Amino acid sequence: MNAKRSVGRFFMENAVVIIFLLITVLAVKPSGLSLTYIIQEMLTRLGRNSFLVLALLLPIYAGMGLNFGMTLGAMAGQIGLIFAINWNIMGVPGIVFAALIGTPISIFMGWICGVVLNKAKGREMVTGYILAYFINGIYQFVVLYLMGSLIPIRSPAILLSRGYGIRNTLNLEGVRQSLDNLLMSRVGPFSLPMATYLVVGVLCLFVIWFKKTKLGQDMRAVGHNMAVADMAGIPVDRTRIIAIIISTVLACYGQIIFLQNMGNVATYNAHDQTSFFAVAAILVGGASVRKATIPNVFIGVVLLHLLFVVSPRAGQNLFDSAMIGEFFRQFIGYGVIALSLVLYAWRSRKEALRAREGLRGISLGAAGTTDPASTRLRGGEGGPAT
Amino acid sequence: MNGRATGPRTFARRMIVRGVLFAAFVGFAALAFVTGKGHTLLIDNKDAEDGSVQAIDGVMVSVDRQEALELYSGDRDKAVVMGQAHTVSIEIIAEGTKVRKKFRLPIGGEMLLLSVPKLMAGLEPWVSPFVPVQVVVSEEEGAGESNAFTSPGGTPQTMMVLPGDEPAPEPPPD
């Protein structure tokens, strides 16, 4: 009976990963793609996307849920790249330059995001999502109207023909795959962008190290229970703002790494789906709103992108329409987020109920009364972000 | 409790740290700018305008470690380079003569012209800024941008139609 319950519990805890894995494995065969091609795609996409997904970890540790506000960092990264192209700075120095330009912008954006999210405790995810739309409006204004008029842009290649505003699509030829090709090594039929992996590896080490620092411990304490952390003397609001700032800066760098791999940037909508796909990836990897680890990131990137690679071809082969596969891809992306959030809410409610029952049993046993204060504390401020 | 230590010494230390960080930031940005600045180098194998040097018929030119360009008399090709210090290697195909020269490009120069005949003849400067010829579109040539051709007395077309400026809908036929 116990074994049956533990198997059931395992399936419930890993429902998203299991469902996703099943769908993906079923789609591999009909796609007709060779294993070599699929593995090469995964290796490339691991380098391209992992940094962005890793940027989500710190806000989760701080109990702020999935940082949909990372879009702000992506915008900062794009602004950095626009300036790098404008001044014709190429190669790895071009990427470094874009990152340096993007850093202060993303710090500022992260600070704004953190302050706003502190005003919306418990509703961080939806607030971050809407905030990204708001800042997107400002970004569009800056890039479409101020660049070329108020902000000097010297390269006519990136300006709209009217003399101000940046073109819809920018060619990143100067920095295209410069990080990937810096230390490209071949293992059998596969090309491995070692420099990109190295950068991602350094970020993983940073996350591991950061968790052990005083600030990292504070973040975990805040994430566990804000009220208790506050009583322990931890500056809760400041810690939360720092978590969001670091996440936004990392998202800025992640977007630069992503775009240098792609080789071009859709100026006005490249950042739109950044947070969406990063969140989908980490959830597919088995993370939840309150718990995420580094392996979740890599499992998620591989699984999500495996589906992205195989589903359009599978759709084309099975239904004679590539659009079905594309639809399937979108459907799965949103579906995973929805399923994960629903499962998380359901589990949280169940755990709260179990805790309340247990507490009631103890209280009744001890004094014959329920202790409403301790019940409030358990389900209080440390509750899930929505 | 805000978790931050105060006091003049802490303040001074904090300011020093911020100053160092800012200086490092500016330094890195400047370094990235200087080392990553891209230049378009036009490799020119044409007669000099003043007739001082003649084009060479058949040379292989390579800049830094890029693929060698094969140029004949009157040819011009381009190489995109990064940074300021470069090396050009020239080989005259017929004679087999090889010349290797180091040169620096000005940081502000976007497009520069490297004259192979001048370099081979030892005439300075063999690298000079290149200014593309500006084509001035006359009013008559630009007439296509207005609707004056199809509509006598018409107004120039704008890129965007602003709200309120939409053309009035035609009245429905009776």
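Side notes on the structure shown:
- Some residue of the stretch A:65-82 being under 21 Å from residue A:206 (Cα atoms), more than 14 Å from every other protein chain (Cβ to nearest Cβ) and either among the polar types (S, T, N, Q) or surrounded by fewer than 23 Cβ atoms within 10 Å (Cβ to Cβ) (or both): yes
- The residue that is modelled with the highest pLDDT, counting only those in the stretch A:319-365 that are within 25 Å of residue A:45 (Cα to Cα), among the aliphatic types (A, V, I, L, M) and surrounded by fewer than 15 Cβ atoms within 10 Å (Cβ to Cβ), is A:338.
- Within the stretch A:86-123, the residues that satisfy the criterion of being hydrophobic (A, V, I, L, M, F, W, C), surrounded by fewer than 24 Cβ atoms within 10 Å (Cβ to Cβ) and either away from chain B (no Cβ under 13 Å) or closer than 27 Å to residue A:348 by Cα (or both) are A:108, A:111, A:112, A:115, A:116, A:120.
- Taken together, the residues in the stretch A:79-119 that are among the hydrophobic types (A, V, I, L, M, F, W, C), closer than 12 Å to residue B:32 by Cβ and in contact (Cβ under 8 Å) with a residue 12 or more places away in the chain amount to 12.
- Verdict on residue B:95 being out of contact with any Asp or Glu (no Cβ under 8 Å at 6 or more places or on another chain), surrounded by fewer than 16 Cβ atoms within 10 Å (Cβ to Cβ) and farther than 26 Å from residue A:88 by Cβ: yes
- Residue in the stretch A:124-142 that is within 14 Å of chain B (Cβ to nearest Cβ), more than 24 Å from the chain's Cα centre (by Cα) and farther than 23 Å from residue A:62 by Cα present: no
- Residues satisfying the stated conditions in the stretch B:79-113, i.e. under 19 Å from residue B:123 (Cα atoms) and among the β-branched types (Val, Ile, Thr): B:87, B:88, B:90, B:92, B:97, B:99
- Selected residue (only one of A:47, A:8, A:110, A:32 is among the small types (Gly, Ala, Ser) and touching a Gly at 6+ places or on another chain (Cβ under 9 Å)): A:110
- Residue in the stretch A:255-275 that is farthest from residue A:106 (Cα to Cα), counting only those that are touching a Ser or Thr at 6+ places or on another chain (Cβ under 9 Å) and in a helix (DSSP H, G or I): A:261
- Residue in the stretch B:1-53 that is surrounded by the fewest Cβ atoms within 10 Å (Cβ to Cβ), counting only those that are within 13 Å of chain A (Cβ to nearest Cβ), under 30 Å from residue B:106 (Cα atoms) and polar (S, T, N, Q): B:40
The values are calculated or read from the model by the stated rules, or taken from the named source; none is laboratory data. Here the structure is a predicted model, which means the values were calculated and not measured. FYI the Cβ positions are ideal-geometry reconstructions off the backbone, even for glycines, and counts take in every protein chain you see.
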